[in-house]
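A short write-up of the structure that comes next.
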Amino acid sequence: MKRSYRKTDMPVEQIRRLLEPGPIVLVSSRWQNRNNIMTMGWHCVMEFSPSLIGCMITATNHSFDMVRQSGECVINIPTADMLDTIIGIGNTSGRSVDKFKKFHLTPGEAATVSAPVIEECYAHFECRVADRKMLEKYNFFILEVKRATAAVWPRYPRTVHYRGNGVFMESGRNIARPEKFRPQNL
Ligand SMILES: Cc1cc2nc3c(=O)[nH]c(=O)nc-3n(C[C@H](O)[C@H](O)[C@H](O)COP(=O)(O)O)c2cc1C
């Protein structure tokens, strides 16, 4: 199919809107007996085994200090029905507010980290900070997933993806082409 779009320059600081296909996640952390949660869109898979995730946490966020000091966090996968909660958590600082209480969420026990899981979420990835090399310069954490738990149903949850400017996309129709893949389990 031949297709031509009319194109124009876009500010480089906005390209993230086209490169953020991953689901919005909720990062829970625990430090000095206090729990916190933040909303996160800027994350990426870095390696399958060991299971590594890279993510950017702005240094002024309370979660930055909590994850840096504790060396741990949980990446929780919320679903589309939680959108107002996702936005609320992303617009509130945990410095003076207990976001579990404020947003009526249930902290659950993780097996490998002290940070709590958010029970209402579809899946939980228990992470330890694996590498701090890019932390000072880029606020970029490299996390290793030590344990993952996920709901047994549905197989494809309705996740939420951020398109910038307050616009979200809900994951939708699947397009399956397994016969076109080499057998390497991608
Ligand atoms: C949709 C959305 C995505 C966000 N993604 C990130 C992110 O990837 N990294 C980040 O540092 N902040 C991100 N934020 C902002 C934080 O969630 C926000 O600053 C939050 O209040 C931090 O809470 P804390 O101070 O309790 O850690 C995002 C916010 C929203 C609404």
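The values are calculated or read from the model by the stated rules, or taken from the named source; none is laboratory data. No experiment lies behind these values; they were computed from the predicted model shown. So basically every Cβ, Gly included, is an ideal-geometry build from the backbone, and we count neighbours across all protein chains shown. Ligands, DNA and RNA are excluded from the accessible area calculation, which covers all protein heavy atoms including side chains. Shrake-Rupley method; radii C 1.70, N 1.55, O 1.52, S 1.80 Å.
Does Thr92 satisfy the criteria of being open to solvent by less than 100 Å² (accessible area, probe 1.4 Å) and touching a residue at least 12 places away in the same chain (Cβ under 8 Å)?
Details: open to solvent by less than 100 Å² (accessible area, probe 1.4 Å): yes; touching a residue at least 12 places away in the same chain (Cβ under 8 Å): no.
Judged against the criteria, Thr92 is not a match.
Might you let me know whether segment 90-99 holds any residue that is among the hydrophobic types (A, V, I, L, M, F, W, C) and part of a loop (DSSP other than H, G, I, E, B)? Checked against the condition, which is being among the hydrophobic types (A, V, I, L, M, F, W, C) and part of a loop (DSSP other than H, G, I, E, B), segment 90-99 yields at least one hit.
Residue selection: Glu20 satisfies the criterion of being charged (D, E, K, R), at pLDDT below 95 and closer than 22 Å to Gly172 by Cβ. Considering the conditions (1) in a strand (DSSP E or B); (2) small (Gly, Ala, Ser); (3) open to solvent by 60 Å² or more (accessible area, probe 1.4 Å), Ala111 is excluded by exactly one of them, (1).
Looking for something among the aliphatic types (A, V, I, L, M), away from the ligand (no atom under 15 Å from the Cβ) and in contact (Cβ under 8 Å) with a residue 24 or more places away in the chain - is there at least one such residue anywhere in segment 51-63? Checked segment 51-63: at least one residue is among the aliphatic types (A, V, I, L, M), away from the ligand (no atom under 15 Å from the Cβ) and in contact (Cβ under 8 Å) with a residue 24 or more places away in the chain. The test for being open to solvent by less than 20 Å² (accessible area, probe 1.4 Å) and within 19 Å of Leu135 (Cβ to Cβ) does not hold for Met56.
With within 15 Å of the ligand (Cβ to nearest atom) and either in contact (Cβ under 8 Å) with a residue 40 or more places away in the chain or open to solvent by 80 Å² or more (accessible area, probe 1.4 Å) (or both) as the only criterion, which of Arg6, Arg34 stands out? Reasoning before the result, please.
On the way: Arg6 fails: within 15 Å of the ligand (Cβ to nearest atom).
On inspection, the qualifying residue turns out to be Arg34.
Evaluating Glu126 against the criteria (1) among the charged types (D, E, K, R); (2) within 14 Å of the chain's Cα centre (by Cα); (3) open to solvent by 40 Å² or more (accessible area, probe 1.4 Å) leaves one unmet condition, (3).
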